[in-house]
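Participant: For reference, the structure I am asking about is given below.
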Amino acid sequence: MFKKILIANRGEIAVRIIKACKEMNITAVAVYSDADINSLHVREADEAYHIGKSAAGESYLDYEKIIALAKRINAEAIHPGYGFLSENANFIREVEKAGITFVGPSADTVDLMGEKTSARTLMKKNNVPIVPGTTEPITSLEEAKKIAEEIGFPIMIKASAGGGGKGMRKVSKLEELDEAIERAQNESQKAFSSSEVYMEKFIEQPKHIEVQILGDKHGNYIHLFERECSVQRRHQKVLEEAPSSSIDSATREQITKAAINAAKACNYYNAGTIEFLYDNKNFYFLEMNTRLQVEHPVTEFITGVDIVKEQIKIAYGEKLSFTQKDIKLNGHAIECRIYAEDVDNNFAPSIGKILHYRTPTGPGVRVDSGIEIQTEVSIFYDPMLAKLVVWDKDRNNAIARMKRALSEYQIGGVKTNINFFYWILEHKYFLDSSFDNNFLENNFLPLTPNKWRENNNGNYEKAIAILGAYLIEQENKIHPVKLENNNLNKWESLKYE
Ligand code: MV4
């Protein structure tokens, strides 16, 4: 097994990967920017190295610096987490050129799946249902008109190089098509340096259902069932669950089979996710995410598989140690993404220092946190602070458990969306699973007085904050994080005056 892995990320996912490394007896190496000098991932790692300024472009995205560091400290592998460099094929190529193992799929697979028309072509060939539309970029307006009329309006124009909701445009009638295509091409050129766009039929009120897969480097594949990810706002997921309560077991069998076909079609290895749109009748391939995803813990809860450890074993070249029939779907898991944001102010990011922090505990509760008391939540990175994940034997019990866990979550110093989750968890459409991808946009009106507001667990006594501040100050004194070797019990030498 690897002896040392560099984690090219920050926040909760860096912490998550560090924990997997420690359990596997692998030295976990953190990297950090100016803004993250005192952050949790640095404290938890075995070693931590400063890599640059707070802006991600000058630190977490600076892959030459990260690869040079990995070589200098003899890290044998790099785990990219999600975001940042995780789906950058050029990065993967450079990592491998340096003789370091990338914990993820091959650069060629990432390229292939990143190009949406080539992905659609491949899926169609391999019995994975795609959204009706073109599998080639649009080259002539005349042809585009003909195809659009065949598909039927409304249609969606999408950038070949886009994804995750970026570079999409809905067109409702033929007269709007010419201008929409030209605009989409211009926007795509600006955003992705490629003007290629293609067309899909617009799927009305779909759900977003995705399937987790694992493939090893020996051609073995398994799926870990699906996740329901329709509760989102502006393409940011807010709450995810596994399994989806919208599909029956026959559909589950088909969609997971399609996902395995998709993974095989692109010679996938490591952990990956195939996204589908589901309109309560059919499901359609949307795109493949060639990385570990934020919401992987709900899948871990219902299958008992540690996805991050599997990623590391696969990267090392091990065969999958289980087959499909070893994987059983057990119970129900829900994840709430805890963001530092002001729900009442159009979900604007809320920055500041964490003055009080107490996380939920108890049966079936998991908190993947990137923060602790005294963490400075800055403008430089995504405002997701933590993920609260619960498991119980069925959906109703999991919902009740999530509400209990939310009531225990105490965060002081920044505004959070904690209370907002009561609104979701008590909404009729959530409870009866009739929500779709527009659930929040269509139903949440922040200005009306809502019951969720009454759960006012965001404000804490200043005294508690001051005590917490004192304790962390003491820790800083005995454990300056600038030390490159973190491997000491920092609490042993703590002295109270
Ligand atoms: C669509 C669609 C309807 N029809 N494609 C948004 C994310 C990106 N991966 C694709 N997206 C969509 N593609 C067709 N042909 C609606 C969406 C969509 C959406 C999809 C999943 C979850 C949330 C969404 C929110 C808005 C739009």
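The values are calculated or read from the model by the stated rules, or taken from the named source; none is laboratory data. Computed from a prediction, not measured in an experiment: that's the story for all the values here. No Cβ is skipped: glycine too gets one built from the backbone with ideal geometry, and neighbour counts run over all protein chains shown. Side chains included, ligands, DNA and RNA excluded: accessible areas come from the protein's heavy atoms. Shrake-Rupley method; radii C 1.70, N 1.55, O 1.52, S 1.80 Å.
Participant: For segment 114-217, which GluC sites (Glu not before Pro) pass both filters: DSSP loop (anything but H, G, I, E, B) and at most 12 other C-beta atoms within 10 Å?
Facilitator: Answer by residue number: Glu204.
Participant: Go ahead and run the numbers for FRET between Thr135 and Leu174, Cβ-Cβ distance against an R0 of 22 Å, rounding to 0.05.
Facilitator: So, using R0 = 22 Å, E works out to roughly 0.55.
Participant: Mind scanning Lys217/Lys403; Lys19/Lys328; Lys207/Lys264; Lys201/Lys325 and naming the pairs with a C-alpha gap bigger than 31 Å?
Facilitator: From Lys217/Lys403; Lys19/Lys328; Lys207/Lys264; Lys201/Lys325, over 31 Å: Lys217/Lys403; Lys201/Lys325.
Participant: Quick check on the chain: what are the equivalent-ellipsoid semi-axes from the Cα gyration tensor, as sqrt(5λ), descending, whole Å?
Facilitator: So the three semi-axes of the chain are 37, 28, 23 Å.
Participant: What distance in nm lies between label points placed 7 Å from Cα along the C-beta direction at Asn25 and Ser193?
Facilitator: 4.5 nm
Participant: In addition: Measuring with a 1.4 Å probe in the full set of protein chains, what accessible area per residue, in whole Å², belongs to the chain?
Facilitator: 43 Å²
Participant: Just the C-alpha atoms of segment 283-353: what Rg/Rh do they give, with Rh taken as the Kirkwood radius?
Facilitator: The Rg/Rh ratio comes out at 1.11.
Participant: Now a separate question. Calculate for the chain the 222 nm mean residue ellipticity that helices alone would give, adding -39,500 (n - 2.57) per DSSP H run of length 4 or more and normalising by residue count, nearest 500 deg cm²/dmol.
Facilitator: -9500 deg cm²/dmol
Participant: Here's another thing I want to ask about it. Once the Cβ-Cβ distance between Glu318 and Ile379 is put in as r, and R0 is 41 Å, what FRET efficiency do you end up with, to the nearest 0.05?
Facilitator: It comes out at approximately 0.50.
Participant: Could you rank the peptides 104-112, 326-334 by their average count of other C-beta atoms within 10 Å per residue, with the highest value first?
Facilitator: 104-112, 326-334
Participant: Give me the lysines in straight-line cross-link reach of Lys166: C-alpha distance below 16 Å, same-chain residues under 8 apart excluded.
Facilitator: Cα-Cα hits under 16 Å: Lys116, Lys158, Lys190, Lys237.
Participant: Here's a follow-up. Could you tell me how far the Cα centroid of segment 80-154 sits from the Cα centroid of segment 225-259, in Å?
Facilitator: Segment 225-259 and segment 80-154 have Cα centres spaced 21 Å from each other.
Participant: Along the Cα→Cβ direction, 7 angstrom out, place labels at Asn127 and Ser407. What is the inter-label distance in nm?
Facilitator: With each label point 7 Å from Cα toward Cβ, the separation is 5.0 nm.
Participant: Determine the share of segment 132-201's accessible area contributed by carbon and sulfur atoms, expressed in whole percent, with a 1.4 angstrom probe.
Facilitator: Its accessible area is 45 percent carbon and sulfur atoms.
Participant: Okay, moving on. Could you please put Lys313, Lys281, Lys257, Lys415 in sequence from largest to smallest accessible area, using a 1.4 Å probe?
Facilitator: My answer, sorted largest first, is Lys281, Lys257, Lys415, Lys313.
Participant: Around Lys217, under 9 Å between beta carbons, what's the net of Lys plus Arg minus Asp minus Glu among the other residues?
Facilitator: Taking every Cβ under 9 Å from that of Lys217, the sum is -1.
Participant: Compare the Cα positions of Gly152, Gly164, Ser118 along the charge dipole of segment 99-194 (+1 at Cβ of Lys, Arg; -1 at Cβ of Asp, Glu; about the Cα centre) and return the one farthest towards the positive end.
Facilitator: With unit charges placed on the Cβ atoms, the residue in question is Gly164.
Participant: Just how large is the dipole of the chain about the Cα centre, in debye to the nearest 20, putting +1 at every Lys and Arg Cβ and -1 at every Asp and Glu Cβ?
Facilitator: 840 debye
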